[in-house]
Amino acid sequence: MSHWDVSTYESVSEEKFTQQIYPRREPALIKGVDIGPCTKLWTRDYLSEKIGEVPVKVHVSTDPKMDFISKNFVYKTLPLRDLIERAAKEENTEYFLNSHEYYYLRSLGSDPRGREIADVKKQFPSIASDITVPKFFNDKDFFSSVFRIGSSGVQLWTHYDIMDNILIQICGKKRVTLFSPDDALNMYLVGDKSLVIDIDNPDLNKYPRFRNVKRYECMMEPGDILFIPALWFHNALALEFGIAVNIFWKHLPHDLYDKKDPYGNKDLVPAARNP
């Protein structure tokens with residue numbers, strides 16, 4: 001397995017992103033771009049005061065390596081204030097599974113049936129103005145903005161998205177590992193997810209082709225932005241309690257996307273029709 005650093009750019013303008021970075025169709029770590037006061041404002045106390053009563057559906061697991069294929073987690077709902085309090089600690093007196101459990105929130109729409117698209121402006125309007133989203137895409141192409149919170153140590157399953165997106169790190173440090181779409185045959189896929197859960201110590205007897213992948217990696221700090229092109233596999237490891245926001249947009253003609261897909265991770269319509 002070969003290792004490469006994700007290309008890093010400083011103080012990127014909209015023009016530089018759209019003309020120089022975006023056409024490369026490769027991940028890019030962007031530093032020094034104004035994302036508003038959120039990195040200073042979004043403390044545990046501030047978020048608890050502003051949005052603490054909002055109920056959120058959370059992944060809870062006794063294993064920090066969360067696996068969407070085997071479902072080694074349960075879904076639980078609790079007020080966001082309680083989630084923040086629990087996720088920021090290594091051990092809790094109140095818990096669902098055990099005192100050392102791990103928490104991961106990927107915000108959803110307000111529709112309890114899960115059919116509404118996540119949008120920070122709609123689900124968390126009192127804090128939405130704290131974050132400034134760079135103009136790296138046309139407003140008409142916007143799909144969703146996803147609020148994320150995770151315990152220290154949480155590592156999310158490797159997967160790809162069908163839309164371009166930027167990950168904006170607001171609190172805490174995170175390692176993100178990415179793999180090119182060219183390595184799809186080496187990723188042991190089930191849908192959009194890889195069976196190789198432990199990417200740092202993979203079982204190469206079980207997944208021998210994984211040794212051929214080209215691994216890209218970067219460390220994210222508060223204020224950093226990571227551009228993740230569509231179809232690039234990515235795996236995120238929280239090195240600390242973390243808060244982030246993902247922005248997804250449609251980079252292809254809109255009629256190619258499944259209109260009944262609130263998560264933006266279903267295959268494009270032509271691919272779904274011709275598996």
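The values are calculated or read from the model by the stated rules, or taken from the named source; none is laboratory data. Source: prediction; values computed, not measured. Here Cβ is always computed from backbone atoms with ideal geometry, including for glycine, and neighbour counts include all displayed protein chains. Heavy atoms of the whole protein, side chains included, go into the accessibility calculation; ligands, DNA and RNA do not. Shrake-Rupley method; radii C 1.70, N 1.55, O 1.52, S 1.80 Å.
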Antiparallel content of DSSP bridges confined to the chain, in %, to 5: 85
Sequence of GLU10, GLU26, GLU90 when ordered by accessible area, the most exposed leading, probe 1.4 angstrom: GLU90, GLU10, GLU26
Fraction of accessible area attributable to carbon and sulfur, the chain (%, probe 1.4 Å): 49
Matching label, log10 I(q)/I(0) by the Debye sum over Cα atoms at q = 0.10, 0.12, 0.13 Å⁻¹ computed from the structure shown, candidates (1) -0.51, -0.75, -0.90; (2) -0.59, -0.83, -0.96; (3) -0.84, -0.96, -1.01: (1)
Candidate lysines - alpha carbon under 20 Å from LYS259, same-chain residues fewer than 8 apart omitted: LYS122, LYS140, LYS250
TRP4 accessible area, assembled protein chains, probe 1.4 Å, Å²: 130
Aspartates and glutamates with Cα under 18 Å of LYS121, excluding same-chain neighbours fewer than 8 positions away: GLU49, GLU53, ASP111, ASP130, ASP139, ASP141
Gain on full stretching of the segment that runs from PHE96 to SER2 - 0.36 nm per residue minus C-alpha separation: 29.9 nm
For the chain: accessible area per residue (Å², 1.4 Å): 49
Two-site label geometry, ASP255 and SER11: point separation in nm, points 7 Å out along Cα→Cβ: 4.5
Pairs of Lys in segment 10-104 closer than 22 Å at Cα, counting only those 8 or more apart or on different chains: 13
Share antiparallel - DSSP beta bridges, segment 10-159, percent rounded to 5: 85
Accessible-area ranking of ILE69, ILE131, largest first, probe 1.4 Å: ILE69, ILE131
With DNA, RNA and ligands ignored, accessible area of LYS266 (1.4 Å probe; Å², nearest 10): 90
Residue-averaged [θ]222 nm for the chain, counting only DSSP H segments that reach four residues, each worth -39500 (n - 2.57): -2500 deg cm²/dmol
